[in-house]
Amino acid sequence: QLQLVESGGGLVQPGGSLRLSCAASGFTLNTYAIGWFRQAPGKEREGISCVSSRGSTNYADSVKGRFTISRDNAKNTVYLQMNSLIPEDTAVYYCAARGGLLALQAMCAANNFGSWGQGTQVTVSS
């Protein structure tokens, strides 16, 4: 019953911005930790930003200062605002949810998340 759907990806020029959305259904978003991950061809999936059920956040060094994770509880949606995009940001972006006691923390290890969306492609190119 838990479902996550990503949207908002696309083609953007370097220096541009995108806002990704992660729409949740089947659970109350604010009781879960939500994470954003990305995977480029030939590379491991990496955690880029996570928010705990109590609002604490973590960011990967590669995106800190450029990306911002946020919640809209009325829409049961988590967003990833991506600014100052660079070609290295090109990847498929996924959101994921983690419940239970670990939802109180903003850890971004992929193995700690049980529910995943299908991903949305982000391409940064001139």
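Close Cβ contacts (under 7 Å, 6 or more residues apart or on different chains) running from residues in region 68-86 that are aromatic (Phe, Trp, Tyr) to residues that are open to solvent by 60 Å² or more (accessible area, probe 1.4 Å) comprise Tyr79/Arg19. The set of residues in region 94-103 being crowded, with 22+ Cβ neighbours inside 10 Å and either farther than 24 Å from Ser53 by Cα or hydrophobic (A, V, I, L, M, F, W, C) (or both) consists of Cys95, Ala96, Ala97. Of all the criteria given as (1) free of Cβ contacts under 8 Å to residues at least 40 places away in the same chain; (2) of a type outside the set (Asp, Glu); (3) out of contact with any helix residue (DSSP H, G or I) (no Cβ under 9 Å at 6 or more places or on another chain), the one not satisfied by Val63 is (3).
The values are calculated or read from the model by the stated rules, or taken from the named source; none is laboratory data. None of these values were measured; they are calculated from a predicted model. Every residue, glycine among them, receives a Cβ derived from its backbone with ideal geometry; neighbour counts consider all protein chains shown. Protein only, heavy atoms only, side chains kept; ligands, DNA and RNA dropped before computing areas. Shrake-Rupley method; radii C 1.70, N 1.55, O 1.52, S 1.80 Å.
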